[in-house]
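The values are calculated or read from the model by the stated rules, or taken from the named source; none is laboratory data. Bear in mind that the values here come from a model prediction, so they are computed numbers and not experimental data. Glycine gets a Cβ as well: all are built from the backbone with ideal geometry, and neighbour counts include every protein chain shown. All accessible areas refer to the heavy atoms of the entire protein, side chains included, with ligands and DNA or RNA removed. Shrake-Rupley method; radii C 1.70, N 1.55, O 1.52, S 1.80 Å.
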Amino acid sequence: MHEMSLAESMLQLIEDAAYQQGFTRVKTVWLEIGQLACVEQESLRFGFDVVMRGSITEQARLEIIETA
């Protein structure tokens, strides 16, 4: 299930940006996913909820935008 590792990578990117830009809370994460990405959206949402626990994104909503 590579969606969990994708969620972990997302958290790392968000935490890096938080450190650089000085923010302490994330409300929404927008993610564009192409049709050929082979990402199961429901698995990614589950992984996102699990991985984000205890972080600055704990209460964040994941918005997925499907691209062509």
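Here are a few things to note about the model shown:
- For segment 3-24, the criterion of a residue being assigned to a loop (DSSP other than H, G, I, E, B), at pLDDT 95 or above and touching a strand residue (DSSP E or B) at 6+ places or on another chain (Cβ under 8 Å) is satisfied by no position.
- Some residue of segment 40-47 being of a type in the set (Asp, Glu), in a helix (DSSP H, G or I) and at pLDDT 95 or above: yes
- Remark: pairs (first residue in segment 10-22, under 19 Å from VAL39 (Cα atoms); second residue of a type in the set (Val, Ile, Thr); Cβ separation under 6 Å; 6+ apart in sequence or on different chains) = LEU11/VAL51.
- Matching option when the condition is open to solvent by 30 Å² or more (accessible area, probe 1.4 Å), part of a strand (DSSP E or B), within 18 Å of MET4 (Cα to Cα) and not small (Gly, Ala, Ser), among GLU58, GLU32: GLU32
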